[in-house]
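Down below is the structure, laid out as structure tokens.
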């Protein structure tokens, strides 16, 4: 299974919100480019770790084997639309399977086609996940925590002994995975 982003989403945390969190002057633009990059990185890392997508993002999921009983789960939530499911047979013919039963809330997909005879190249699933209006507050908080960590620790190494916040990234990541019913990568 492989998943690629086809249309990147935006960060659910605004630059001004991060600056306020960091107690920075909102009118200063000296570090806006770096702060924006760290917001995007933090959002991407948290999304990969939890499977939760905070803003509308397009994906292509590729399966190289026919799923058991024709059922598989899309590893990103919340799914807002499924735009296409196709497979390529051994003769390189593309077969449309958009009539699959899709449960958007769980990401469960039930194919209505029987497993093809002979070899199959791949199944391709195109979908959109993410809805900023339903983004949990704890997701937003961890994005800010992670981006602020990058702001405060700009080097790859430090002489200082650092420890994770007790209720920081790992804790909230586990909480999000459990409450949303999704896995990571």
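Quick notes on this structure:
- Some residue of segment 67-74 being surrounded by 13 or more Cβ atoms within 10 Å (Cβ to Cβ) and under 14 Å from residue 5 (Cα atoms): yes
- Cβ-Cβ under 6 Å pairs, at least 6 apart or on other chains, segment 87-102 side in contact (Cβ under 8 Å) with a residue 24 or more places away in the chain, far side in a loop (DSSP other than H, G, I, E, B): 89/116; 90/118; 90/119; 97/111; 97/113
- Just one of the numbered conditions (1) modelled with pLDDT of 85 or more; (2) touching a helix residue (DSSP H, G or I) at 6+ places or on another chain (Cβ under 8 Å) is not true of residue 115: (1).
- One residue stands out in segment 44-66 among those that are in contact (Cβ under 8 Å) with a residue 60 or more places away in the chain and assigned to a helix (DSSP H, G or I): the one that is surrounded by the most Cβ atoms within 10 Å (Cβ to Cβ), namely 50.
- Residue check: residue 37 meets all listed conditions (1) surrounded by 15 or more Cβ atoms within 10 Å (Cβ to Cβ); (2) assigned by TED's automatic domain parsing to the domain that holds residue 176 but one, namely (1).
The values are calculated or read from the model by the stated rules, or taken from the named source; none is laboratory data. Model, not experiment: these values are computed from the prediction. Don't worry about glycine lacking a Cβ; one is built from the backbone with ideal geometry, like all the others, and counts go over all protein chains shown.
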